[in-house]
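Here's the structure we're looking at; comments come further down.
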Amino acid sequence: MSAKKWLMMLAGAVALALALCAGANILIDPFGVFGDPLFDWYSYNETNNPRTAKIAWLEENHGAYDSYIIGSSSAASLEARTMEKYVEGSWYNLFVYGSDTRDYRDLAAYVLERCEVKRLVVNLGINEANVYDSQEDTLNDRMHCLASGENPALFYLRYALGNPRYAIDKAAARLADTELPQVFDVFDVPSGCYDKRLRNVEKVGDPEVYAAANPGSFYMEPDPDGLPYIEACVQSVAEIRDMCEERGVELMVICSPVSEAQWSLYTEETLRSYKTALAREVDYWDFSCTPVTYDTRYFYDATHFRTTTGDMALAEIFGDETVYRPERFGMYVTEENCQEWLDELFAYPPRLPVSAYSVETPILMYHHFTEEPAQDTEVSPETFAAHMEALSQAGYCAVSFQEMVDYVYRGAPLPANPVCITIDDGYLSNYEIAFPILQQYGMKATVFAIGSSIGHTEYYKDTEFPITPHFSWDQAREMAGVIDLQSHTYDLHQWAPYETGDRVRSSILPLEGEDEEAWAEAVREDLAYYDDVRRQELGEGFCALAYPGGYFSPAAEVLVHQSGIPVTVSIDEDSRNVLVQGLPQSLYALCRRNVTERTTVEELLRMADG
């Protein structure tokens, strides 16, 4: 073979390989720059690189939005739907990974030039003054050419001829995709925010449990350079301000909540310089150092505040008194009041004692009451009366789950020595025996009733199998004020020997081999139906659910809270229930102490003492 022919064949092979690579990258489009013609999977694309995929999304959908949030990944906790609650408009969160205000300026210029914009929010942390124009050049962190000004031909060629491994990984991930987010698709595409459904159901209340679950998340290496890019950072913000003023766009600048781990890296002089320089150019809301700074539970890690913490900041900005936030939570800073604000901040750091915004609330668990207890789920009237008398005389105050919700969500006070008394399943003995005893000792309880069994006194549902009698809706109404009825699901607590077929749901978890979507739909239908029934019978929906059998999963937690139920209860006894104001997660998967006929008064009081 001649050298010329060999070179021609080599060139042809290279051309074919490049063509195949480009075809795969364009068709599968792992970064979303070509419109993702095959999968239309922008959650994946944005996880790979939000700088490219979000711009590509907006090119097709910018008509759906008129207001934008710009910032680093911490800005994801300023949710579009929360902004829409306070400000008329359609919001999109255009945050990107990293913390470079050069990117913010480019993104602001893009939306202001190519989209119809009424309002713009710029979120600043501290890192924005630590890095500037970092010029990252990989496919995962390049800015889209429509925002960066890069030559479009070179930009698209770069992604067309990128490593085909990206396309292969996307195709493989598609086969493993589920309804809930995984590491490869962590975005809620229509809002631009992270999809934090799973992250937001982790247990948060007990600080020891939270610390053990997040080892090392709140440590940061000392920063010897301080904040070297204060001037460049502030100049970029000033340029965004000028672009907004030129176009009549309303601009809001928010300095986001910062953890103590990050705040303490810098000297007072450095932080004063940053805040003062910023105040010379724009007015801003400053939440950098507040009481939540000193409690890691309000943060996912050292540099990312929780969505609920962002909700608190927005509630402060818009004066929403229905949302809890502590005193000294933020300040609207201007050039005129900046020094006074900083003087107070550094002279009197806003640290609060933990007891000022959290409380331990033990939960006791009973089931059935009978004169002759034969198993651990049964307690005699005499024992229950002795328990209630002991709690009352020891100064414990029984609280409802709605009171616990009001404490966490709105900061409403709880009485001293709170304890929560729960009774599972909804037996008639709850009405005939527990109800009068609770009245006698001035206590109250919550019954987690199985919806399909309410009012059944002889048989299991529509069968001829005998059943331990359950109280009725009329009796539930009679007990109101002393016994509150909450959810044990409508019909996800089935008794297998009395059911027909092999699809018996004895818990909220999926059946073996069940499709995820089918399971999720079954759970949603059960929760929605039972909630409607309660509204018809008692006038309002559920605020708490006890998992049948105590079994649950993060996915089940997501479904329950999406249904509008703020409290979930397990049968675990592995930690304390510490309710934290402003943290709804402290109401999730609460632990309970099982009480039996053998539980002595002394043991019960130890349970109530945590």
Quiz item: By DSSP, what percent of the beta bridges with both residues in the chain are antiparallel, rounded to the nearest 5?
Solution: 25
Practice problem: Show HIS144, HIS62 ordered by accessible area, largest first, where the area counts protein heavy atoms only and the probe is 1.4 Å. | Solution: HIS62, HIS144
Quiz item: What accessible surface, in Å², does a 1.4 Å probe find on VAL354, ignoring ligands, DNA and RNA and rounding to the nearest 10?
Solution: 80
Exercise. Any chance you could look up the accessible area of LYS118 with a 1.4 Å probe, heavy atoms only, rounded to 10 Å²?
Key: 100
Practice problem: Please give the peptides 66-73, 281-288, 500-507 ranked by average Cβ packing (other Cβ atoms within 10 Å per residue), highest first, as a rough proxy for protection. | Solution: 66-73, 281-288, 500-507
Quiz item: Rounded to the nearest 0.05, what FRET efficiency do ARG477 and SER575 have when you use their Cβ-Cβ distance and R0 = 35 Å?
Solution: 0.50
Quiz prompt | Helix 401-410 vs. the chain, principal-axis angle (Cα, 0 to 90°, nearest 10) | solution = 30
Quiz item: Roughly what angle does helix 381-393 make with the longest principal axis of the chain, taking Cα atoms, 0 to 90 degrees, to the nearest 10?
Solution: 60
Quiz item: For region 346-373, list residues with backbone N below 17 Å from a point placed 7 Å from the Cα of VAL601 toward its Cβ?
Solution: none
Practice problem: Using Cα pairs closer than 8 Å and at least 6 residues apart in sequence, work out the relative contact order for region 40-148, in percent. | Solution: 35
Quiz item: In terms of solvent-accessible area of protein heavy atoms at a 1.4 angstrom probe, what is the ranking of ASP185, ASP376, highest value first?
Solution: ASP376, ASP185
Quiz item: Using the alpha-carbon centroid of each, what span in Å lies between region 159-187 and region 405-480?
Solution: 48
Quiz item: Antiparallel as a % of all DSSP beta bridges within region 325-457, to the nearest 5?
Solution: 0
Practice problem: Using label points projected 7 Å from each Cα along Cα→Cβ, tell me how many nm separate SER73 and MET220, to one decimal. | Solution: 1.4
Quiz prompt | Using alpha-carbon coordinates, inclination of helix 50-61 to the longest axis of the chain, degrees | solution = 90
Quiz item: Based on the Cβ-Cβ distance from GLU269 to ASN140, what FRET efficiency comes out when R0 is 30 Å, to the nearest 0.05?
Solution: 0.25
Quiz item: At what distance in nm do the modelled label points of ASP169 and GLU525 sit from each other, each positioned 7 Å from its Cα along Cα→Cβ?
Solution: 3.9
Quiz item: Between ALA213 and ASP609, 0.36 nm times their residue separation minus their Cα-Cα distance comes to what?
Solution: 140.1 nm
Exercise. State the extension gain, in nm to one decimal, for the chain segment bounded by ASP515 and ALA19, taking 0.36 nm per residue of separation less the distance between their alpha-carbons.
Key: 174.7 nm
Quiz item: Which whole-number percentage describes the relative contact order of the chain, with Cα contacts under 8 Å and a sequence gap of 6 or more?
Solution: 13
Quiz item: Per the Cauchy relation, a quarter of the hull surface: what is the mean projected area of the convex hull of the alpha carbons in the chain, in nm²?
Solution: 35.0
Exercise. Roll a 1.4 Å probe over the protein chains and send me the accessible area per residue for the chain in Å².
Key: 43
Quiz item: What percent does the relative contact order of region 533-610 come to when contacts are Cα pairs within less than 8 Å and at least six residues apart?
Solution: 24
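The values are calculated or read from the model by the stated rules, or taken from the named source; none is laboratory data. Predicted model, so just to flag it, every value in this text is computed and none were measured. Cβ sites come from the backbone with ideal geometry, for glycine too, and all protein chains shown count toward neighbours. Accessible surface is based on the protein model in full, side chains and every heavy atom, while ligands, DNA and RNA are left aside. Shrake-Rupley method; radii C 1.70, N 1.55, O 1.52, S 1.80 Å.
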